[in-house]
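K.L.:
Before anything else, here's the structure in question.
Laboratory data are not the source of any read-out in this text; all were calculated from the coordinates shown. Small disclaimer: the values here were computed from a predicted structure and weren't measured. Note that we place each Cβ from the backbone using ideal geometry, even for glycine, and neighbour counts take in every protein chain shown.
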Amino acid sequence: MSDASFAWVLSAAFFLDIVIGDPAGLPHPIRWMGDWITSWEKRFRHGRLSETTAGTLLVVALVSGTWLICAATIEVARAIHPDVALMFHMVLIYYALSAKSLRAEALKVYAAMKQETMGEAKQRLSNIVGRDVEPLDEADVVRATVETVAENLVDGVIAPLFYAVLGGGALAMAYKMVNTLDSMIGHKDERYERFGWFAARLDDAANFIPARISAIVISFAAPIVRRSFMRTMKTAAKDGKKHLSPNAGIPEAAFAGALGIRLGGPNFYRGRLVEKPYIGEETRPAQIDDIRTATTLMIASSFIWLVACWGFLVA
């Protein structure tokens, strides 16, 4: 497979996601991953191993298993015809992307707020964030939505394309298993603090480079939505390390700088107050329309990163 051919595969997968997204009736490997994690967690817990060891082995088994299954499928397809293998790469990368679904979920919150139905807006928000939504006021809902758009730009676009360029569809799907494991068991609570320790650390490692790439990409996208390149870059550099996560703060800081609002701050998770630092300078209060601007910034950033990946492959 030539780099030029793979550039077209990458683009096709990207535009499939932009156009059709994640239709409800379409089978999706990410949902299968969730089922596998739930099933295998029970098996790995019922043994004599420590929670940390059992959780680590679960992660190694599922991530390596995902890569092996996808890589073997691609090799079988290549034996049939190289173009069939390219098709499988395209499908796997398409499944690893989530730009359209992320935009759609954020805009559902936006639409509910525009209709002044805060109860529905909070319900929509609860589908895409882990924090408790009931204590949030209007500005808090806006900030929470912008934060999840920023963070998921990395998880749903930049990192999958990054790993697809490095290792094709198989590596992109292995990354998604890492990401799904972190979202399901990488929590700092009594149940998962030890069992999910390795899942959380591996996700941090997998997102380390993509998160830092995101600051550059978002800064170049900022002028497309009539925002400042320099303020975006400076805020990402200044406040990106304030977040409790080593990665999430970087895209959030870039979005805060682009929009000119303050993100972060304390939030409740399952009734427990978690003190988080503020990110960005509040040049003005957060407004409902910031959600729409954030989704446009996310899509613009996605296109810029696709072009960058294309240039890397064909250069």
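K.L.:
May I ask you to evaluate 6.51 cos²θ - 1.76 cosθ + 1.60, the Karplus curve with θ = phi - 60°, for each residue of region 292-301 and list the ³J(HN,Hα) values in order in whole Hz, giving x for glycine and proline?
P.N.:
4, 4, 5, 5, 5, 4, 5, 5, 4, 4
K.L.:
Whose amide H sits under 5 Å from the amide H of Phe268, counting only residues 5 or more places off or on another chain, with H placed in the peptide plane?
P.N.:
Close amide H contacts, sequence-distant or interchain: Asp132, Val274.
K.L.:
Would you work out which of Ala79, Trp40, Met90 lies farthest towards the positive end of the dipole of region 20-101, given +1 charges on the beta-carbon of Lys and Arg and -1 on that of Asp and Glu, about the Cα centre?
P.N.:
Towards the positive end, the residue furthest out is Trp40.
K.L.:
Oh, and also: Which of these, Phe195, Phe208, Phe268, has the largest mean-square fluctuation under a Gaussian network model of the chain (Cα springs below 10 Å)?
P.N.:
Phe268
K.L.:
Which of the peptides 110-122, 143-155, 177-189, 284-296 is most tightly packed, and how do the rest follow, going by the mean number of other Cβ atoms within 10 Å of each residue? Please report the intermediate quantities before stating the final value.
P.N.:
Working: 110-122: 16.6, 143-155: 26.2, 177-189: 20.5, 284-296: 18.5.
Going from most to least packed, we get 143-155, 177-189, 284-296, 110-122.
K.L.:
For the chain, with only Lys/Arg (+1) and Asp/Glu (-1) charged at the beta-carbon, what is the dipole magnitude about the Cα centre, in debye rounded to 20?
P.N.:
Details: 33 positive and 32 negative charges, 64 e Å.
For this selection, approximately 300 debye.
K.L.:
Note the full-extension length gain between Asn127 and Arg48 as 0.36 nm times their separation in residues minus their Cα-Cα distance, in nm to one decimal.
P.N.:
24.9 nm
K.L.:
Another question about this same structure. Report ³J(HN,Hα) in whole Hz for each residue of region 226-237, in order, from the Karplus equation J = 6.51 cos²θ - 1.76 cosθ + 1.60 where θ = phi - 60°; Gly and Pro get x.
P.N.:
Going residue by residue, I get 6, 10, 7, 4, 5, 5, 4, 5, 5, 5, 4, 5 Hz, with x marking Gly and Pro.
K.L.:
Find which of His243, Trp305, Ala211 sits farthest along the positive direction of the dipole of region 208-315, computed with +1 on the beta-carbon of Lys and Arg, -1 on that of Asp and Glu, about the Cα centre.
P.N.:
Among His243, Trp305, Ala211, the one farthest towards the positive end of the dipole of region 208-315 is His243.
K.L.:
Could you go through region 113-118 in sequence order and give the Karplus-derived ³J(HN,Hα) for each residue, using 6.51 cos²θ - 1.76 cosθ + 1.60 with θ = phi - 60°, rounded to whole Hz, and x for Gly and Pro?
P.N.:
3J(HN,Hα) across region 113-118, in whole Hz: 5, 4, 8, 6, 10, 5.
K.L.:
Only Lys, Arg, Asp and Glu count, each charged at its Cβ (+1, +1, -1, -1), so figure out the dipole size of region 240-315 about its Cα centre, rounded to 20 debye.
P.N.:
About 260 debye.
K.L.:
Search the structure for amide H atoms under 5 Å from the amide H of Tyr278, placed 1.01 Å from N in the peptide plane, and list their residues when 5 or more places away or on another chain.
P.N.:
Gly265
K.L.:
Across 10 Å bins from 0, what is the distribution of all Cα-Cα pair distances for region 3-314, in whole percents?
P.N.:
Reading upward from the zero bin: 6, 26, 34, 24, 8, 1.
K.L.:
Same structure again: What are the residues whose amide H is under 5 Å from the amide H of Gly21, where those residues sit 5 or more places off or on another chain and H is modelled from the backbone?
P.N.:
none
K.L.:
Which residues does a label at Ile224 reach in region 258-285, if reach means a backbone N under 14 Å from a point 7 Å past the Cα toward the Cβ?
P.N.:
Counting backbone N atoms under 14 Å from the label point, the list is empty.
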